[in-house]
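Working notes, beginning with the structure itself.
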Amino acid sequence: MIYLDYQATTPVAPEVAKAMQPWIEEKFANPHSPSRSGNEAEAAIEVARKRVEEAIGLKGGSVAFTGSATEALNWALKGTVEKAAASGKPGRNRIITLATEHAAVLDSCEWLAGHDIDLTILPVQPDGRLDLDLLARELDKRVLLVAVMQVNNEIGVTQPISEIAKMAHDAGALVLSDAVQALGRMEICKGPDLVAVSAHKIHGPKAIGALWMRKGAEPAPFIHGGGQERGLRSGTLSPALCVGFGAAAKLADERQTRDYDHVQKLWRAATHALGPGWTINGSTAHRYHGNLNIRREHVDGARLIADLRDIAFSLGSACASGSGRPSHVLRALGLDYRQSRSSIRIGFGRYTSLKDLVDACHRIAAHAKAQEKLDA
Ligand code: PLP
């Protein structure tokens with residue numbers, strides 16, 4: 001199996017598995033218990049928290065662990081609305097987001113729109129980037145929150161988060177950035193008040209995410225109970241998952257330049273190996289190069305994936321693939337139904353070998369040409 005679906009999830013790093021092992025096999029104490037073993041677990045969690053904060057690299061805030069980035073994004077959106085409503089600033093009841101955001105943001109925003117929030121979903125330009133003049137025209141004193149992701153999971157296109165944050169702050173709004181696909185791959189943009197990340201996209205374990213919160217911008221609690229995470233997010237933390245996330249974050253921080261250079265090399269090799277006839281979906285200049293989302297006329301992406309079962313690549317996003325619906329991101333770029341269906345996403349990174357990627361691209365290109373002939 002050649003694994004080329006790095007945006008869906010990443011292989012767990014051996015260093016991460018090793019760091020987690022004692023917390024799965026021997027050390028089972030509740031990290032919130034006052035016993036010695038409880039204190040030891042709590043200390044390990046605090047080391048992990050520092051590592052995640054360092055990998056995020058923003059100043060003036062701290063991280064709370066969550067069950068996923070999906071939870072962090074739900075919490076950030078719904079908790080910020082609740083806090084504003086409770087703080088006697090009901091004038092601010094508008095959220096601005098983009099048509100290309102992850103479902104965790106779009107669906108939470110739609111839910112809020114059903115609960116008296118005025119929702120504006122901005123379109124993107126054909127290259128997937130936000131037009132900042134459009135944002136400037138939309139920002140007014142009713143805007144509570146602007147939610148924009150740093151790196152798109154389907155097409156890899158980056159948004160100018162720091163500029164967006166400055167504009168939003170000038171209008172008195174808060175900023176949430178989904179940095180799930182950015183963490184460990186590039187510097188996290190300065191400026192947002194809330195940042196969501198996920199361990200399994202940086203070679204860590206699944207089912208743990210985090211929300212970085214600028215001091216003073218913490219959302220109202222979303223999950224109520226034992227008052228863990230400074231009363232902001234209740235529930236017993238898993239030392240194994242936190243330690244795994246911390247180890248993955250430390251490793252990603254240490255290896256960022258090396259991983260980035262490797263990805264640049266892989267991108268050049270993959271685009272060369274695929275040969276002519278392919279169009280890259282989204283900007284090539286403003287992009288994370290470990291995400292190669294491409295289309296080709298007469299290709300049926302789903303058939304290509306079914307034909308090449310020993311290569312794990314995707315139709316755009318794991319969620320879009322599962323639903324059978326054409327991707328909302330590709331539609332937002334202006335692609336029609338046929339163009340969306342002829343798109344595939346090849347995702348690679350730290351553990352992808354040049355040889356495997358080139359072999360896979362040669363085979364994908366050969367199958368695509370065969371489909372073209374059949375179609376003609
Ligand atoms: N945001 C982006 C950009 C993602 O790619 C993902 C994962 O697919 C998520 C949010 C959700 O992350 P999690 O799997 O931790 O819920």
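What residue, of V81, V63, V12, is within 16 Å of the ligand (Cβ to nearest atom) and either open to solvent by 10 Å² or more (accessible area, probe 1.4 Å) or assigned to a helix (DSSP H, G or I) (or both)?
V12 is the lone residue from the list that is within 16 Å of the ligand (Cβ to nearest atom) and either open to solvent by 10 Å² or more (accessible area, probe 1.4 Å) or assigned to a helix (DSSP H, G or I) (or both).
Determine the pairs where a residue that is of a type in the set (G, A, S), located within the range 102-116, has a partner that is modelled with pLDDT of 95 or more and within 11 Å of the ligand (Cβ to nearest atom) with Cβ atoms under 6 Å apart, the partner being 6 or more residues away or on another chain.
That search, which allows pairs on different chains as well, returns A104/T70; A104/L73; S108/N74.
On the given criteria, is M167 open to solvent by 10 Å² or more (accessible area, probe 1.4 Å) and more than 16 Å from the ligand (Cβ to nearest atom)? Write out each step before concluding.
Working: open to solvent by 10 Å² or more (accessible area, probe 1.4 Å): yes; more than 16 Å from the ligand (Cβ to nearest atom): yes.
So M167 fits the description; yes.
I need the full set of residues from the range 282-309 which are open to solvent by 40 Å² or more (accessible area, probe 1.4 Å) and either of a type in the set (K, R) or at positive phi (or both), in order please.
R295, H298, R303, R309
Let me spell it out: the conditions are (1) open to solvent by 10 Å² or more (accessible area, probe 1.4 Å); (2) within 18 Å of H289 (Cα to Cα); (3) of a type outside the set (F, W, Y); (4) in a loop (DSSP other than H, G, I, E, B), and E218 meets all of them except one. Which number is the exception?
(2)
Looking only at residues in the range 32-47 that are in contact with a Lys or Arg (Cβ under 9 Å, 6 or more places away or on another chain) and either open to solvent by less than 40 Å² (accessible area, probe 1.4 Å) or of a type in the set (S, T, N, Q) (or both), which one is farthest from the ligand (Cβ to nearest atom)?
So the residue we want is S37.
Given the criteria open to solvent by 10 Å² or more (accessible area, probe 1.4 Å), among the hydroxyl-bearing types (S, T, Y) and within 15 Å of the ligand (Cβ to nearest atom), does S68 qualify? It would help to see each step written out before you state the result.
Values: open to solvent by 10 Å² or more (accessible area, probe 1.4 Å): yes; among the hydroxyl-bearing types (S, T, Y): yes; within 15 Å of the ligand (Cβ to nearest atom): yes.
Yes.
For G204, only one of the following conditions fails: (1) open to solvent by 10 Å² or more (accessible area, probe 1.4 Å); (2) in contact (Cβ under 8 Å) with a residue 60 or more places away in the chain; (3) more than 22 Å from L315 (Cα to Cα); (4) not aliphatic (A, V, I, L, M). What is its number?
(1)
F28 passes all but one of (1) in a loop (DSSP other than H, G, I, E, B); (2) within 16 Å of the ligand (Cβ to nearest atom); which number fails?
Unmet for F28, out of (1) in a loop (DSSP other than H, G, I, E, B); (2) within 16 Å of the ligand (Cβ to nearest atom): (2).
Look at the range 231-244 and say how many of its residues are part of a loop (DSSP other than H, G, I, E, B) and closer than 15 Å to W75 by Cα.
Looking only at the range 231-244, we keep the residues that are part of a loop (DSSP other than H, G, I, E, B), and these are 231-232, 234-238.
Next cut, closer than 15 Å to W75 by Cα only: 231-232, 234-235.
Result for the range 231-244: 4.
Is one or more of the residues making up the range 190-199 within 11 Å of the ligand (Cβ to nearest atom), closer than 20 Å to I96 by Cα, modelled with pLDDT of 95 or more and touching an Asp or Glu at 6+ places or on another chain (Cβ under 7 Å)?
Within the range 190-199 (the criterion being within 11 Å of the ligand (Cβ to nearest atom), closer than 20 Å to I96 by Cα, modelled with pLDDT of 95 or more and touching an Asp or Glu at 6+ places or on another chain (Cβ under 7 Å)), the answer is yes, since at least one residue qualifies.
Give me the pairs, please: first residue somewhere in the range 74-98 and farther than 14 Å from A173 by Cα, second residue anywhere and of a type in the set (V, I, T) and open to solvent by less than 30 Å² (accessible area, probe 1.4 Å), beta-carbon distance under 7 Å, and either six or more positions apart or on two chains.
W75/T66; L98/V124; L98/V148
Go through the range 85-104 and count every residue that is in a loop (DSSP other than H, G, I, E, B), of a type in the set (G, A, S) and within 16 Å of the ligand (Cβ to nearest atom).
Taking the range 85-104 as the starting set, the residues that turn out to be in a loop (DSSP other than H, G, I, E, B) are 87-93, 99-102.
From the residues that got through so far, the ones that are of a type in the set (G, A, S) too are 87-88, 91, 99.
Filter once more, so that each one left must be within 16 Å of the ligand (Cβ to nearest atom): 99.
Count: 1.
The values are calculated or read from the model by the stated rules, or taken from the named source; none is laboratory data. As the structure is a computational prediction, the values presented were derived from the model and not from experiment. With ideal geometry, Cβ positions are generated from the backbone for all residues, glycine too; neighbour counts draw on all protein chains shown. These area figures cover heavy atoms from the full protein model, side chains too; ligands, DNA and RNA do not enter into them. Shrake-Rupley method; radii C 1.70, N 1.55, O 1.52, S 1.80 Å.
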